[in-house]
Structure formats: structure tokens, C-alpha cells
Amino acid sequence: MYRKISKYGFAAALMLSVFLNACSTDEPLKVSKMDFSQFEPYLQRSADTVYIINFWATWCKPCIKELPDFEKINQEYMNRNVKVYLVSLDFPNKHEELLIPFIKENNIKSEVIHLTDTDANQWIDKVSPFWSGAIPATVIYKQSSREFYEKTLTYDELKKIVESKI
């Protein structure tokens with residue numbers, strides 16, 4: 001009898017393991033790599049949505065400090081026509097080595113775009129003529145209403161801005 005229970009127990013455990021792996025919600029992490037021409041349409045969408053586009057990098061301490069606030073806004077407003085894009089300005093050759101592990105370790109759920117166009121002088125003014133190039137920097141817009149912030153934003157500031165645009 002002990003053998004049968006052991007066999008059945010093993011079989012049940014194996015089946016449970018296969019089932020749990022098949023039902024796992026851990027999808028492969030996808031971070032889009034784009035040059036600026038591919039990314040630029042994200043700055044000009046006309047849907048009835050509030051778009052929050054945050055420019056950051058894994059090496060930028062103020063950027064890292066504010067990421068949880070963007071994540072909280074993303075979760076809180078995900079069903080209310082608010083879309084958060086986290087645009088990494090990390091070096092293109094650091095995608096697999098630094099960016100992907102950082103996103104996994106910090107459980108980032110917002111959509112991440114790795115902007116691989118390193119000639120920022122060619123595109124910074126297209127994001128905002130007021131941008132010096134410093135990060136963190138954030139564009140928040142809905143249709144023709146657009147604001148640019150070259151500073152760290154708190155959750156309360158983000159929430160106030162989003163609420164004013166909804």
C-alpha cells in the first residue's frame with residue numbers, strides 16, 4: 001500500500017507541477033527597442049487617453065526614486081484611459097545585461113520602451129523644446145493638452161496632473 005500511495009503521490013505532484021507551469025502568468029518580459037523615429041508616434045497620439053511618458057535610466061537615482069510612483073499611477077488608473085510608458089535611456093548595449101534584470105527585480109508592470117537612439121541632440125527638442133536633456137523628464141498629454149516636467153515627480157503630483165486631464 002505504501003508503494004501505491006508513493007506512486008500516486010509522485011504522479012499527482014508531477015501533474016500539479018506541469019499544470020502550474022502551464023497556467024503561470026509570468027509571461028516573457030518584453031521591452032521594445034526603438035530608435036526615435038519608431039518612438040515618435042507615442043508623443044502624438046490623439047485618443048481620449050492621458051499619456052504619461054517618463055524618460056529615465058537605471059543609473060539615474062532620482063529616476064529610480066520616482067518609478068514606484070509611476071507604477072502606482074499605472075495600476076490605479078489602468079482602467080481609466082491612462083497609459084504609462086517608461087522610456088529607458090540606458091545605453092543600447094546594456095539592454096540584456098542591465099535593463100531587463102532591473103525591470104524583473106523591480107517588478108515593473110508599466111510598458112517599457114528602450115530608446116536606443118543615442119544622438120539625443122537630434123530628438124530632444126521634438127520631445128519638448130524646454131528639455132535640457134536632463135532626466136528624469138516626463139511628458140503628460142491628452143490630445144492637445146500637453147505638459148512637460150524636467151524633475152522628479154511625486155505620486156501626489158502625478159495624481160493631481162492625471163485627475164486634471166481625465
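The values are calculated or read from the model by the stated rules, or taken from the named source; none is laboratory data. Predicted, not measured: the structure shown is a model, and the values here were computed from it. Using ideal geometry, Cβ is built from the backbone for each residue, glycine included, and neighbour counts are taken over all protein chains shown.
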Go through the stretch 46-76 and give me each residue that's within 16 Å of Glu105 (Cα to Cα), without any contact (Cβ under 8 Å) to a residue 40 or more places away in the chain and buried (at least 18 other Cβ atoms within 10 Å of the Cβ).
Glu71
Here are some conditions: (1) within 22 Å of Gln38 (Cα to Cα); (2) exposed (fewer than 15 other Cβ atoms within 10 Å of the Cβ). Phe148 meets all but one. Which one does it not meet?
(2)
Which one of these is out of contact with any helix residue (DSSP H, G or I) (no Cβ under 7 Å at 6 or more places or on another chain), among the β-branched types (Val, Ile, Thr), on the phi < 0 side of the Ramachandran plot and in a helix (DSSP H, G or I): Ile103, Ile73?
Ile103
With the structure loaded, tell me whether Thr152 is of a type outside the set (A, V, I, L, M), modelled with pLDDT under 95, under 18 Å from Cys60 (Cα atoms) and within 20 Å of the chain's Cα centre (by Cα) or whether it fails that test.
no
Read through the list (1) modelled with pLDDT under 95; (2) closer than 19 Å to Phe148 by Cα; (3) crowded, with 19+ Cβ neighbours inside 10 Å; (4) of a type outside the set (Phe, Trp, Tyr), then give the number of the only condition that Ser88 fails.
(1)
Which numbered condition Thr152 fails, given (1) part of a strand (DSSP E or B); (2) in contact with a Cys (Cβ under 9 Å, 6 or more places away or on another chain):
(1)
Go through (1) touching a Lys or Arg at 6+ places or on another chain (Cβ under 9 Å); (2) in a helix (DSSP H, G or I); (3) surrounded by fewer than 18 Cβ atoms within 10 Å (Cβ to Cβ); (4) at pLDDT 95 or above and name the single condition His95 misses.
(4)
Restricted to the stretch 116-145, and to residues that are of a type in the set (Ser, Thr, Tyr) and out of contact with any helix residue (DSSP H, G or I) (no Cβ under 7 Å at 6 or more places or on another chain), which residue is surrounded by the fewest Cβ atoms within 10 Å (Cβ to Cβ)?
Ser144
Scanning the stretch 57-85 for residues that are among the basic types (Lys, Arg) and modelled with pLDDT of 95 or more, the one farthest from Lys160 (Cα to Cα) turns out to be Lys61
